[in-house]
1. In cubic angstrom, how much convex hull volume per residue do the alpha carbon atoms of the range A:26-158 span?
2. Going by accessible area, probe 1.4 Å, with all protein chains left in place, what is the ranking of A:Ile190, B:Ile39, largest first?
3. Compute the acute angle (0 to 90°) between the alpha-carbon long axis of helix A:234-255 and the principal axis of greatest extent of the alpha-carbon atoms of chain A; round to the nearest 10°.
4. What three numbers, in Å, describe the spread of the alpha carbons of the range A:103-252 along their principal axes, ordered from the longest?
5. List the trypsin sites (Lys or Arg not before Pro) in the range B:18-117 that DSSP assigns to loop (not H, G, I, E or B) and whose Cβ has at most 11 other Cβ atoms within 10 Å. Which are they?
6. What would the Debye formula give as log10 I(q)/I(0) at q = 0.08, 0.12 Å⁻¹ for the alpha-carbon point model of the range B:76-232, no solvent?
7. When only the heavy atoms of the protein chains count and the probe is 1.4 Å, how do B:Leu211, B:Leu198 rank by accessible area, highest first?
8. Under Stokes-Einstein, with the Kirkwood radius over Cα pairs standing in for Rh, what whole-number D in µm²/s applies to chain A at 4 °C and 1.567 mPa s?
Amino acid sequence: MTDVTLRVWRGDASGGDFEEYVTEQNEGEVVLDLIHRIQATEAPDLACRWNCKAGKCGSCAAEINGKPRLLCMTRMDQLPEGPVTVTPMKTFPIIRDLVTDVSFNYRMAEKVPALLPPPMPEEGYRMFQEDVERGQEFRKCIECFMCQDVCHVIRDHEENKTNYAGPRFFIRYAELEMHPLDTNDRRDFIREEAGLGYCNITKCCTEVCPEHIKITDNAIIPLKERVVDAHYDPVAWLGRKIRRKTKTKAADAAVQPAP
Amino acid sequence: MSTTERATQVVLGGTRGGPDVPTLRTDRWWLQPVVTVSILTAFVIYSTWSAFNPHNYYAGAALGRDLISPFYSPCLASSCAAGSRAGFFLQGWPLSPALLILIFPLGFRLTCYYYRRSYYRAFWWSPPACAVSDKHATYSGETRFPLIMQNAHRYFFYAGLVFNALLTYDAIRAFHQPGIGWGVTVGTLVLTLNATLLWLYSLSCHACRHLCGGQVKSFKAAPIRYRLWKLVTPLNARHMNFAWASLIFVALTDVYVRLVASGAITDLRLF
Ligand code: SF4
Ligand code: SF4
Ligand code: FES
Ligand code: FES
């Protein structure tokens, strides 16, 4: 057992500052344990969100020593010696202390054009293992929104928020775009409404994701390439024209009565 | 206003918590940008010097070798050193022959997703590191000219494949030493390793992964493209390593050929 100093940001929309707490630290403890100890001893009014304490609900996202981390998954013994700073996520409006208003993300979730499956065939829909596996990674997301928090597009430029879905939703778009039973073409939407072009693939979202989702490599870049297909690649455009023609022809042939 | 309209409104300008400072990080976040700037600057200086010094880029028959620097292949000017010239060439090109071709590998690397990540961070500070403020008053990412041109990456990828094929051909040719016959020299190994790294860099490219199979909606419906995609995906995960290795090695290959061609060292024949 040792004593450590935690510098916790306390405040709300009217302002705030760091408070220092010296508290005991036992072997194996995570930052959330110490926050709870501070609540139990010195500061019962310290606000902090948490639920599972197992890295699965995403509620306890905050910033530790300046980096977005889950309070419940950051072990004290992995942090460097010296005082530990704990601050709320910077990108979202503050409610109180470590609690932020993450509703920006819910607004962006509402904007995602839904899955649009083709009419149900008689034998029902079928999905094959290789196609199921493809989106598996994206479904691991626990919606901690730390990727949204770290993304400089909105972290440093509040005005971009109206027009930017952010990495958490880019993985959702990617999942839908890679869904074999989806007929919705979101590529224009992704470019114009979801603001994919604002992302400059600097990979901070990937660096902070507690589920180790390869957000940039497996979702954002594949989406950027899809937008290139739709908008910036004349060869792909020509290919589509030709293919569409042959497809219509095939469809015409299909309705011809058998001789 | 309908409910959906109300629901999708994004509220801007809420007061943020935490102190208003560029970063609270205390680790050495600046180390990575410093390393990137150092290596890329060194490469740009060296390759510019090399491109503007059209001497000693080819060790030819006089030395019993057929080694060409990757910065000068294909050599497309009538002024190219004897034996180094490609089948097709430009009469009377007054400048260094390297300047005719370098735009392709340069464009390929400039528009590469990995290098973009690196130079946006290290040179443009957009952002310099994660959770460190970017240094710009406004930000439009890759939505406007000139950065919207990054979308041309796949064309440079195609061009890169042609260059890889040519450099592979150079490497194979190097194994036949004029006046001596087939044999392995250090130079042949250097050229072969260089071509291999360039292939690995190209095949691990994100555009390549997309074009191989990433593009399709259903893997089940496109089994061959799925197989290709599965083949390049593990390479793609190492794209960063191949990007650095091939960059550094292409410069070292140029150095090696120059040393041999200038007579500073002899290209050792192994067997
Ligand atoms: S890679 Fe794109 S989405 Fe992810 S943090 Fe960087 S700018 Fe934001
Ligand atoms: S993608 Fe990762 S960082 Fe982003 S919300 Fe989901 S789990 Fe959190
Ligand atoms: S409390 Fe659930 S993720 Fe930390
Ligand atoms: S070469 Fe790096 S992504 Fe294409």
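1. Spelled out: Cα convex hull of the range A:26-158, divided by residues, is 170 Å³.
2. Final ranking, largest accessible area leading: B:Ile39, A:Ile190.
3. 50 degrees
4. Sorted largest first, the three principal extents are 54, 36, 24 Å.
5. B:Arg28
6. Debye curve over Cα of the range B:76-232, log10 I(q)/I(0) at q = 0.08, 0.12 Å⁻¹: -0.37, -0.77.
7. B:Leu211, B:Leu198
8. Rounded, D is 62 µm²/s.
The values are calculated or read from the model by the stated rules, or taken from the named source; none is laboratory data. Fair warning: this is a prediction, and the values are worked out from it, not measured in the lab. Methodologically, a virtual Cβ is constructed for each residue, glycine included, from the backbone with ideal geometry; neighbour enumeration extends over all protein chains shown. We work out accessible area using only protein heavy atoms, side chains counted, and drop any ligands, DNA or RNA first. Shrake-Rupley method; radii C 1.70, N 1.55, O 1.52, S 1.80 Å.
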